[in-house]
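Shown next, in structure tokens, is the structure this report addresses.
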Amino acid sequence: MAYDNGNVFAKILRGEIPCDKIYESAYALAFYDLNPQAKVHALVVPKGEYISFADFSARASAAEIAGYIRGIGETAKLLGVEESGYRLLANHGADAKQEVPHLHVHVCGGEQLGKLIAR
Ligand code: AMP
């Protein structure tokens, strides 16, 4: 599957549509989810064109991987959930109902979350 640069996160990265930005580096951009599923709900995307976690883990350079992972940690710190706890989640593909075909990790917290279950 080829990367579709018309996806909504590609548009945010190009500055074509706005986002409520939390963190930005050379490798990552973090912003609040438009439809929050927890009191604190942010998304962290890599700056490169990667469809999913599978695509990113296979193709990204070591610098991109390190910069992205560090960006996720920095985002959690800026959100103020490092002490209280948070959940990271990345949906890949149809069974996980991935909606946007640009890798994104959800950072959820700010309240007691339900137990993570498979379905
Ligand atoms: P997923 O199901 O893992 O692909 O999640 C996609 C997420 O992107 C959902 O939680 C949406 O609420 C969120 N989303 C979609 N469009 C935007 C947007 N323009 N700004 C912020 N979050 C968005």
Worksheet item: Is it the case that some residue within segment 33-50 is within 14 Å of the ligand (Cβ to nearest atom), of a type in the set (S, T, N, Q) and out of contact with any helix residue (DSSP H, G or I) (no Cβ under 6 Å at 6 or more places or on another chain)?
Response: yes
Worksheet entry | Lone unmet requirement of (1) away from the ligand (no atom under 16 Å from the Cβ); (2) closer than 28 Å to S84 by Cα; (3) in contact (Cβ under 8 Å) with a residue 12 or more places away in the chain for I65 | (3)
Worksheet item: Does segment 19-56 hold any residues that are over 15 Å from L89 (Cα atoms) and of a type in the set (G, A, S), and which are they?
Response: S25, A26, A28, G48
Fill in: Subset of segment 51-62 [hydroxyl-bearing (S, T, Y) and more than 14 Å from the ligand (Cβ to nearest atom)]
S57, S61
Response to the item:
Checked segment 85-111 for anything more than 8 Å from the ligand (Cβ to nearest atom) and more than 17 Å from L34 (Cβ to Cβ); matches are G85, Y86, R87, L88, H92, G93, A94, D95, L103, G109, E111
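Restricting the search to segment 34-49, which residues are within 16 Å of G71 (Cα to Cα) and not basic (K, R)?
Of segment 34-49, the ones within 16 Å of G71 (Cα to Cα) are 41-48.
H41, A42, L43, V44, V45, P46, G48 - these are the residues of segment 34-49 that are within 16 Å of G71 (Cα to Cα) and not basic (K, R).
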Item to complete: Being touching a residue at least 24 places away in the same chain (Cβ under 8 Å) and in contact with a helix residue (DSSP H, G or I) (Cβ under 9 Å, 6 or more places away or on another chain) is the filter here, so list the residues in segment 68-90 that pass it.
Response: Y68, Y86, A90
Item to complete: Would you point out the residue of segment 13-28, among those that are in contact with a strand residue (DSSP E or B) (Cβ under 7 Å, 6 or more places away or on another chain), more than 12 Å from V107 (Cβ to Cβ) and touching a residue at least 24 places away in the same chain (Cβ under 8 Å), that is nearest to the ligand (Cβ to nearest atom)?
Response: L13
Response to the item:
Among helices (runs of 4 or more DSSP H) entirely inside segment 1-81, those with 1 or more residues being within 13 Å of the chain's Cα centre (by Cα), surrounded by 15 or more Cβ atoms within 10 Å (Cβ to Cβ) and of a type in the set (D, E, K, R) are 62-79
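Quick note: the coordinates plus some simple rules give every number you see, no bench work behind them. Treat the numbers as computed from the prediction; the structure is a model and nothing was measured. Virtual Cβ from ideal backbone geometry, glycine too; neighbours counted across all protein chains shown.
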